[in-house]
Structures are given as structure tokens and as C-alpha cells.
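Below is one structure, written out as C-alpha cells; comments come after it.
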Amino acid sequence: MSYKYQICGFNLLSQVRLPILRKKDFENPDFEIILKNNIQIPYKTIDITKGGDVLFKDLHQNIFQITHQKIFISIKDDKYNEAANSVFGVPFGYLLQNNDFQVLHGSAVTISNLGYSFIGRSGIGKSSIALSLINKGFKLLTEDLCIIKDLHIYNFSDWIKSKENYLVEALKPIESINLKKDSRKRSLYKLKNRYINNKKTKLKAIYFLDSSKKRNIKKLSRSDSFKYLFTYAYRKGDADALSLKKLAKISEQADCFIYSRDIEKPLEENSRFIFDHIMESL
């Protein structure tokens, strides 16, 4: 059985059910997800083959092979649901990267038809800040994968990873999916339509998140912006010329900041600080 979805304007035909994507009927797929036995990967979590394919092994030992237009999945012990959740990280990141998008590890929200992205390492608070800003009138653009093309951020899905206690009453989700083996015991939550922007939006600013004992927002130079973008970008090695060109364009045309959060202060205070900074720029 196959399922039909839409992702970033492309038609996706999948042999694995992907409940967090929007369904769409079509005749010809742009991308495909195909079940395949015995995909082999060296003793690594991720590897690049000589032919340019990306190999990835998730926490459940499912193995993914990402080509230009297809994702092949070798399922371990019938862990189809776990594979469906894992595909929204590295596999989709590289699939879109292979198709002229620049993908960063981050979340993004929008207000006044402008997009603001929060980039950083796992656990730094990207999703938490996004949720807090949504509660203040922003809308969700994307979660976990910040997908950029021609200086616009593309909507990826209506779901966000979070702990339940971060979801204020106004943001109570429509559905939830438990993420097994998530180190921070989060779940995926589907937000109501009024909190979602499902159109591509002009990228206005990128905030690289850091932790500190003092809150501060500092604008980065173009060279420093490029360095931070390079750190958090999906790319095939350090000499990926096409990715480097796209990152250089973003660093030249988008405002980039380093945002040091006060780790001793509650989330609401930290999100208010960045909220004020964004609103002053409008």
C-alpha cells in the first residue's frame, strides 16, 4: 500500500504511513519513500557513499538510504512507526538538501509576513521558544528542519516536538504522537490550524541560540554568520560547493544574531526578551 502526501510543494509517494504530513492526491510523484531489505551501513550513524547517497541509522536500528529523489528504508523488527518519526530528521533533511533547498537544524515562526528562525544544538530550546512566541501571536512555520530556498522559509508540517508542560492552555494540541527513545521524553503535537502558517515566508532573521548567565542579543558579521550557518547546515562534507554558495547567500541577505539565554531564568522571561527584540525590528 502507498500513501500520497505533499511536502514543501512536492508530491511524495510513500510505502510508509506518515501521519504528520498533509495528504494530497496526484498522478506523478516528485519524491518516493520505498521499503528495501538489507541496506548496509558501516559502523557509523551517518555516512556518505562514493556515489553521493546518504546512509543513516536511527536509534531503533532502522537504516535509511537517501538519494536525489528517493528515500529507501530497511525496517528493523517491524518498527514502522519509529521509522516514520525518524524520517522527519536526517532523511528528509538530506532529501530536500539534494533538491536545491538549504536545510538547517532549527525551528521557525512568522509574524507580519516575515520569518524568524531559531538555530542551535539539540536541547538548547528552539522548540520551546517557538511555542512561547506562538502563544504571543506568532505562527509556526517549521519544526526541527528549517527549510530555506531563495531566502524564503518553507512550511514543513503542523507538528512540533515538546514536553506537555510547555503547552499552555491556548495551544492544547489536536493530536499527539509519543516519541519512543526520545532522550528528553518529548512527544509530537499537532497544533490547531490558527497557529500554523502553511505558506513560504520571507526570511527576516536567524537567531543562533546559546546558553549563558546573562541575556544578550548580538548581531553577527557576515563572516561570523557564515560560520554559524556552516555549523548547523545539512551538507555533504566540508567541501560541498553548492551548499557553501547557498549559505553565503543567506549570510549576506538575512540578519543573523547570537542569542545568549539566561539559563537560570524561566522560559517565559527568555522568550519575552527575544519577542521584544523582534517586535522592535518590525
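The values are calculated or read from the model by the stated rules, or taken from the named source; none is laboratory data. Computed from a predicted structure; not experimentally measured. All Cβ positions, glycine included, derive from the backbone under ideal geometry; neighbour counts span all protein chains shown.
Evaluate the following for L188: is it assigned to a strand (DSSP E or B) and touching a Gly at 6+ places or on another chain (Cβ under 7 Å)? Talk me through it step by step, then tell me what you get.
Details: assigned to a strand (DSSP E or B): yes; touching a Gly at 6+ places or on another chain (Cβ under 7 Å): no.
So L188 fails the test.
Look at segment 264-282: where a residue is touching a residue at least 12 places away in the same chain (Cβ under 8 Å) and a partner is of a type in the set (D, E, K, R) and surrounded by fewer than 18 Cβ atoms within 10 Å (Cβ to Cβ), sitting 6+ places away or on another chain with Cβ atoms under 7 Å, you get E264/K213; N270/R215; N270/D262; F273/R215; F275/K136. Tell me yes or no: at least one residue of segment 193-206 is farther than 21 Å from W159 by Cα, outside the structural domain of C8 (by TED's automatic domain parsing), of a type in the set (S, T, N, Q) and surrounded by 15 or more Cβ atoms within 10 Å (Cβ to Cβ). No: segment 193-206 contains no residue that is farther than 21 Å from W159 by Cα, outside the structural domain of C8 (by TED's automatic domain parsing), of a type in the set (S, T, N, Q) and surrounded by 15 or more Cβ atoms within 10 Å (Cβ to Cβ). Only a single criterion out of (1) of a type in the set (D, E); (2) touching a helix residue (DSSP H, G or I) at 6+ places or on another chain (Cβ under 7 Å); (3) closer than 28 Å to V54 by Cβ is not satisfied by D240, namely (2). What pairs come out if I take residues in segment 208-223 that are part of a helix (DSSP H, G or I) and pair them with residues that are exposed (fewer than 13 other Cβ atoms within 10 Å of the Cβ) whose C-beta lies under 8 Å away, six or more apart or interchain? Filtered contacts from segment 208-223: R222/E252.
Being among the basic types (K, R), part of a strand (DSSP E or B) and either over 27 Å from L191 (Cβ atoms) or not assigned by TED's automatic domain parsing to the domain that holds P91 (or both) is the filter here; which residues of segment 11-63 pass it? Before the answer, list the steps.
Taking segment 11-63 and keeping what is among the basic types (K, R), we get 17, 22-24, 36, 44, 50, 57.
So of that shortlist, the ones also part of a strand (DSSP E or B) come out as 22-23, 57.
Result: K57, single match.
Of the residues S112, S157, S107, S117, only one is farther than 28 Å from P42 by Cα, among the small types (G, A, S), touching a helix residue (DSSP H, G or I) at 6+ places or on another chain (Cβ under 7 Å) and assigned by TED's automatic domain parsing to the domain that holds F273; which? Steps first, answer last, please.
Numbers: S112 fails: touching a helix residue (DSSP H, G or I) at 6+ places or on another chain (Cβ under 7 Å); S157 fails: touching a helix residue (DSSP H, G or I) at 6+ places or on another chain (Cβ under 7 Å); S117 fails: touching a helix residue (DSSP H, G or I) at 6+ places or on another chain (Cβ under 7 Å).
Among S112, S157, S107, S117, only S107 is farther than 28 Å from P42 by Cα, among the small types (G, A, S), touching a helix residue (DSSP H, G or I) at 6+ places or on another chain (Cβ under 7 Å) and assigned by TED's automatic domain parsing to the domain that holds F273.
Annotation: of all residues in segment 130-154 being charged (D, E, K, R) and assigned to a loop (DSSP other than H, G, I, E, B), the one that is surrounded by the most Cβ atoms within 10 Å (Cβ to Cβ) is E143. Per the listing Q65, Q69, the residue uniquely surrounded by 17 or more Cβ atoms within 10 Å (Cβ to Cβ), modelled with pLDDT of 95 or more, closer than 24 Å to D240 by Cβ and of a type outside the set (S, T, Y) is Q65. Restricting attention to segment 1-38, the residues being of a type in the set (A, V, I, L, M, F, W, C) and surrounded by fewer than 16 Cβ atoms within 10 Å (Cβ to Cβ) number 4.
Picking from K36, K4, K50, which residue would you name as being under 22 Å from the mean Cα position of the chain (by Cα) and among the charged types (D, E, K, R)?
Working: K36 fails: under 22 Å from the mean Cα position of the chain (by Cα); K50 fails: under 22 Å from the mean Cα position of the chain (by Cα).
Answer to the check: K4.
Residues that are among the aromatic types (F, W, Y) and either at pLDDT below 95 or under 18 Å from N99 (Cα atoms) (or both) within segment 231-258 comprise Y232, Y234, listed in sequence order. Taken over segment 5-61, the residue count meeting the criterion of being among the small types (G, A, S) and closer than 14 Å to I75 by Cβ is 1.
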